[in-house]
Amino acid sequence: VVSGIWEGAFAAPGSLEQSIRWAIPLALISMGIIVTLRTGEFNIGAQGQILLGGLGAAAVALLLADFPVWIVIPLAIVVGIIGGALWSGLAGVVKVWFNSDEVINTLMLNFIAILLVQWITTGLLKDDSTRGQNASTPRIATDLRLSNGTGVSVELLMIVLVAAIMGWIIIERTPFGLKSKLVGSSPVVAAWQGLQIKRIHLMTYLLTGAFAGLAGAVEVLGPNGRLVTGASPTLGFTAIVVAIVGTLRVPGALLAALFFGGLQAAILFLPIVSSLPTSGLRIIEGLVALLITAQFVWLRRHRHQQNSS
């Protein structure tokens, strides 16, 4: 199994490309989750936000297919970002104004997003050649695609680079980044300092959804080439682990995204060389995430004890 993981992630022909393919959406989503976790919120609705971002991008690409490419592609990406931000912002509004539990809100919105996409792909934007759980929109025109089926291209890598730079600037070099960290570490002190905590929380939800929506748009305009019901059902949850393993920092999240992208590529490869079922391979992925996260917690406590002494 260990040998199969290495081959599936890096050594076998085309495996590194597959690792990068899965690392791209994980890196994009984790940028927003870093902001959420630093603010003390736990937004687990990235999966639904991905779907809404993909829905917005697919709708623009299909309905405006006759327009110039240089208009449609940027517009599709922007609409995808807005779709994810608004879907996450809905959970933020409910949290801020009604003080409801954000875990339940964001989790339930995932299911609503899945049902919404099912309704769209079997109705308004239906591809007559697909049915049931495989229902999807028609394929997007080739000239509107950001990559082929491999999911790796210069354009997508540039999008990740720009998103990472923007995420780093927001987190490390803006007043919002400093305020959000203060709110997450000590909300009482933040309130004493006169910070508008509700506004900061709402902005956090919007940013998280924006990055997830961008990932959804990239998936639709890139490797998938269309919006598919139930596509990539674990990306949003894996990205949470990516952000935590990356110690809530952009460089760390990029490395963690490549690592878990490799595990995703290996999971698709391992059934060829082993008899483990897919569920067994997911257990391996979960154990790796658990052990890495536990190690960081232990190191943090160890440093705290040293500082105290």
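The values are calculated or read from the model by the stated rules, or taken from the named source; none is laboratory data. Keep in mind it's a predicted model, so treat the numbers as computed, not measured. Note: ideal-geometry Cβ built from the backbone for every residue, glycine included; neighbour counts use all protein chains shown. Side chains are part of the model used for accessible areas, which takes the heavy atoms of the whole protein and leaves out ligands, DNA and RNA. Shrake-Rupley method; radii C 1.70, N 1.55, O 1.52, S 1.80 Å.
Name every residue in the stretch 30-46 that is in a loop (DSSP other than H, G, I, E, B), touching a Lys or Arg at 6+ places or on another chain (Cβ under 9 Å) and of a type in the set (Val, Ile, Thr), in order of residue number.
Once the filter is applied, which keeps residues that are in a loop (DSSP other than H, G, I, E, B), touching a Lys or Arg at 6+ places or on another chain (Cβ under 9 Å) and of a type in the set (Val, Ile, Thr), the stretch 30-46 yields only THR39.
If you go through the stretch 256-283, how many residues are surrounded by fewer than 17 Cβ atoms within 10 Å (Cβ to Cβ) and hydrophobic (A, V, I, L, M, F, W, C)?
Here is the first cut: in the stretch 256-283, the residues surrounded by fewer than 17 Cβ atoms within 10 Å (Cβ to Cβ) are 268, 271-280, 282-283.
Next, from what is left, pick out any that are hydrophobic (A, V, I, L, M, F, W, C): 268, 272-273, 276, 283.
So the count comes out to 5.
Test each condition in (1) open to solvent by 10 Å² or more (accessible area, probe 1.4 Å); (2) touching a residue at least 60 places away in the same chain (Cβ under 8 Å); (3) under 23 Å from ILE112 (Cβ atoms) for GLY40 and report the one that comes out false.
Failed condition: (3).
From (1) of a type outside the set (Phe, Trp, Tyr); (2) open to solvent by 40 Å² or more (accessible area, probe 1.4 Å); (3) out of contact with any helix residue (DSSP H, G or I) (no Cβ under 7 Å at 6 or more places or on another chain), pick out the condition that doesn't hold for LYS181.
Of the numbered conditions (1) of a type outside the set (Phe, Trp, Tyr); (2) open to solvent by 40 Å² or more (accessible area, probe 1.4 Å); (3) out of contact with any helix residue (DSSP H, G or I) (no Cβ under 7 Å at 6 or more places or on another chain), the odd one out for LYS181 is (3).
So in the stretch 89-120, with the set limited to residues that are closer than 19 Å to VAL220 by Cα and under 16 Å from the mean Cα position of the chain (by Cα), which one is surrounded by the most Cβ atoms within 10 Å (Cβ to Cβ)?
Here the answer is ALA113.
Determine whether GLN49 is open to solvent by less than 10 Å² (accessible area, probe 1.4 Å) and assigned to a helix (DSSP H, G or I).
Yes, satisfied.
What number of residues in the stretch 145-170 are out of contact with any helix residue (DSSP H, G or I) (no Cβ under 9 Å at 6 or more places or on another chain) and either buried (at least 19 other Cβ atoms within 10 Å of the Cβ) or of a type in the set (Phe, Trp, Tyr) (or both)? Before you say what the answer is, go through the steps one by one.
Of the residues in the stretch 145-170, the ones out of contact with any helix residue (DSSP H, G or I) (no Cβ under 9 Å at 6 or more places or on another chain) are 154, 158, 161-162.
When the remaining residues are screened for being either buried (at least 19 other Cβ atoms within 10 Å of the Cβ) or of a type in the set (Phe, Trp, Tyr) (or both), the result is none.
Count: 0.
Restricting the search to the stretch 238-251, which residues are outside any loop (DSSP other than H, G, I, E, B) and more than 15 Å from the chain's Cα centre (by Cα)?
Hit for the stretch 238-251 is PRO251, nothing else.
Conditions: (1) surrounded by fewer than 12 Cβ atoms within 10 Å (Cβ to Cβ); (2) touching a residue at least 60 places away in the same chain (Cβ under 8 Å). THR142 meets all but one. Number of the miss?
Checking THR142 against (1) surrounded by fewer than 12 Cβ atoms within 10 Å (Cβ to Cβ); (2) touching a residue at least 60 places away in the same chain (Cβ under 8 Å), the one that fails is (2).
Among the residues of the stretch 7-26, is there at least one that is of a type in the set (Ser, Thr, Tyr) and outside any helix (DSSP H, G or I)?
Looking for residues that are of a type in the set (Ser, Thr, Tyr) and outside any helix (DSSP H, G or I), one finds none in the stretch 7-26, hence no.
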